[in-house]
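Below: the structure, in structure tokens.
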Amino acid sequence: MQTLLRALKSRTASVVTVSLLTLAPTAVFVADAHADVSGNICQSALPSQADDTLNLIAQGGPFPYSEDGETFQNREGVLPSEPYGYYHEYTVVTPGAPTRGTRRIITGEDGSDYYTSDHYASFYLVDSTC
């Protein structure tokens, strides 16, 4: 780090500013890569397609996509750390999307359900009691 600071100090102010702006988002991203779940969300606040997905999960399928039910690996590290196979992912259909879209329900072995609308960048713990 000190070597980097010395290298930055030896450059002009405008280059230092650009360099620091370039480095800052990377440092923040790395620090946030293992952030906790963003909070709770009432199941009633989810899109109606999420209810459809939760109902299919409760019934054991059939699911609209072959990937549904596969192990979610939590590579982003946002969900609590658990052994491989603990989490499973299911598609929340996005009307009009030409692909599976970015919305998912992730289930945990403990019965917890998590919702993401941004393809694993953030998660909300689904609260079915509100």
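Observations
- For GLY77: the one exception among (1) surrounded by fewer than 18 Cβ atoms within 10 Å (Cβ to Cβ); (2) assigned to a strand (DSSP E or B): (2)
- Qualifying residue in the range 37-47 (condition: assigned to a loop (DSSP other than H, G, I, E, B), among the β-branched types (Val, Ile, Thr) and free of Cβ contacts under 8 Å to residues at least 12 places away in the same chain): no
- Reported count of residues in the range 62-82, each being within 21 Å of VAL93 (Cα to Cα) and not aromatic (Phe, Trp, Tyr), is 10.
- Exclusive hit being within 11 Å of THR116 (Cβ to Cβ), assigned by TED's automatic domain parsing to the domain that holds PRO47 and surrounded by 11 or more Cβ atoms within 10 Å (Cβ to Cβ), set THR71, THR94, THR102: THR102
- Residues being among the charged types (D, E, K, R) and either over 24 Å from ARG100 (Cβ atoms) or modelled with pLDDT under 95 (or both) - total across the range 14-73: 2
The values are calculated or read from the model by the stated rules, or taken from the named source; none is laboratory data. From a predicted model like this one, the values you see are computed outputs, not experimental measurements. No Cβ is skipped: glycine too gets one built from the backbone with ideal geometry, and neighbour counts run over all protein chains shown.
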